[in-house]
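Right, one structure below, let's go through it.
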Amino acid sequence: MSDTITEAVFAQLRPVFDPEIPVNIVDLGLIYDVKVDGPKCTVTMTLTSQSCPEAKTIPDFVKRRCNTVQGITETEVAVVWEPLWTPQRISAEGRKMLGIDE
């Protein structure tokens, strides 16, 4: 059941975009880990840079989106800087959206 909820969390995170890059935060590789333990969800993520102007907004939006998943009542979002995000973390789908050759 936890896998189903985790999939639902990722489905809720796909519509979340970094406003400066036209790719969702999942395909950008900003989501490092999602753990669901009963009604609690913990998301470990990063941002494209430590000076991101949306550094507070994006994690808050992630939390709100996760809390819409049935069965989740509490979400903790940890923004980490290691490993550092690089464009190599962008998924194949994200590269396609950006027109980047693999």
### Query
Which loop-located GluC sites (Glu not before Pro) does region 29-88 contain, where loop means any DSSP state but H, G, I, E or B and the Cβ has at most 14 other Cβ atoms within 10 Å?
none
### Task
Treating the angle as unsigned and between 0 and 90°, give the value, to the nearest 10°, between the Cα long axis of helix 2-13 and the longest Cα principal axis of the chain.
50 degrees
## Note on the structure
Expressed in nanometres to one decimal, the distance between label points 7 Å along Cα→Cβ at GLU82 and ASP101 is 3.6 nm
### Query
Roughly what % of DSSP beta bridges within the chain run antiparallel, to the nearest 5?
55 percent
### Task
Tell me which label goes with the value of Rg and Dmax of the Cα atoms in Å computed from the coordinates here: (i) 12.5, 37; (ii) 16.1, 52; (iii) 13.4, 40.
(iii)
## Note on the structure
The extension gain from ALA11 to THR68, computed as 0.36 nm times the residue separation minus the Cα-Cα distance, is 19.4 nm
### Query
Quick one: if you stick a label point 7 Å off each Cα along the C-beta vector at ASP3 and GLN50, how many nm between them?
3.9 nm
#### Entry: Accessible surface of the chain [probe 1.4 Å, protein heavy atoms]: carbon and sulfur percent
51 percent
### Message
Nearest 10 degrees is fine. How inclined is helix 57-66 to the longest principal axis of the chain, computing both from alpha carbons?
### Response
40 degrees
### Query
Using modelled amide H (1.01 Å from N, peptide plane; none on Pro or chain starts), what sits under 5 Å from the amide H of TYR32, excluding residues fewer than 5 places away?
THR44, MET45, THR46
### Task
Determine ³J(HN,Hα), in whole Hz, for all residues of region 36-53 in sequence, where each value follows from phi through the Karplus function 6.51 cos²θ - 1.76 cosθ + 1.60 and θ = phi - 60°; x replaces Gly and Pro.
10, 10, x, x, 9, 10, 10, 10, 9, 8, 9, 10, 5, 7, 5, 9, 4, x
### Query
Where only protein heavy atoms count, and the probe is 1.4 Å, what is the accessible area per residue for the chain in Å²?
59 Å²
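The values are calculated or read from the model by the stated rules, or taken from the named source; none is laboratory data. On a predicted model such as this, the values are computed, not experimentally measured, just so you know. Reconstructed Cβ throughout: ideal geometry from the backbone, glycine too, with neighbour counts over all protein chains shown. Calculation scope for accessible area: heavy atoms of the full protein, side chains included, ligands and nucleic acids excluded. Shrake-Rupley method; radii C 1.70, N 1.55, O 1.52, S 1.80 Å.
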